[in-house]
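All of the numbers you see were taken from the coordinates with simple rules; none came from a lab. Everything numeric in this text was worked out from a predicted model, so none of it was measured. Cβ sites come from the backbone with ideal geometry, for glycine too, and all protein chains shown count toward neighbours.
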Amino acid sequence: MLEDGLLESASQGRHKYFRFASEHVAQLVESLMRVAPPRKTAAAAKAPEPIRAARYCYDHLAGSLGTALLAAMLRKSWVKDAGTDAKQLELTAKGEKALALLGLDVEATRNRRRQFACRCLDWSERRDHLGGALGAAFAEHCRGADWIERQKHSRVVRVTELGGEAFSRLGLKLG
């Protein structure tokens, strides 16, 4: 299916993720599922809601919060794809100005010894969230501004009331 262009793969660490190559392929598979005989299987186990909603992925935000953040940054043209490498992102002048207004030191973030901004595939949402130095700096900013609180001994994050207001101003739809 990869060779025929129906699936695409993305490697991330030790894992390899597969997705349909286009919306047309997804629609075709959905059509086939409508005519297939029903299967009797146990319901798929879901991760608990708090970890799906908001969590850390290493040092950057993930879950529906993280994917909504990246989607908003793309929609607002704060970041854009960086040419040929589909995983890498580039901060636009508009994004640099917006993040500076929020209080992020973009220059210091660029000088970190790691990739600046990249897509990181979210295991619960199956969409990308913001990774790299920029993702980490934004998560640090959120924690420092009391927009989020990390649950003790966990990767789970809770959005505070102040954070909910801030994310709403940024155009993120939470919950």
Study note, to complete from the structure: Karplus ³J(HN,Hα) for the stretch 18-31 (6.51 cos²θ - 1.76 cosθ + 1.60, θ = phi - 60°; Hz, whole; x = Gly/Pro) runs 10, 8, 5, 6, 7, 5, 5, 5, 4, 5, 4, 5, 4, 5
Check your understanding: Does anyone have the angle between helix 132-144 and the longest principal axis of the chain? Alpha-carbon axes, 0 to 90°, nearest 10?
Key -> 60 degrees
Revision key, fill the gap. Over the chain, the sum of -39500 (n - 2.57) across DSSP H runs of at least four, divided by residue number and rounded to 500 deg cm²/dmol, gives at 222 nm -11500 deg cm²/dmol
Review point. Scattering from the C-alpha atoms of the stretch 1-103 alone, worked out with Debye: what is log10 I(q)/I(0) at q = 0.18, 0.22 1/Å?
Key: -1.23, -1.32
Revision key, fill the gap. Binned at 5 Å starting from 0, the alpha-carbon pair-distance distribution of the chain in whole percents comes out as 1, 7, 14, 18, 19, 14, 11, 7, 5, 2, 1, 0
**Study point:** Order by protection proxy (mean Cβ within 10 Å, highest first), peptides 12-23, 49-60, 121-132, 102-113
**Key:** 121-132, 49-60, 102-113, 12-23
Check your understanding: Under 16 Å from the Cα of Lys87, which aspartates and glutamates turn up, not counting those fewer than eight places away in the same chain?
Key -> Glu8, Asp122, Asp128
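Please compute the length gained on full extension between Arg14 and Arg143, using 0.36 nm multiplied by the number of residues separating them and subtracting their Cα-Cα distance. Show your work: numbers first, answer last.
Values: separation 129, 0.36 × 129 = 46.44 nm, distance 2.89 nm.
Extra length available between Arg14 and Arg143 comes to 43.5 nm.
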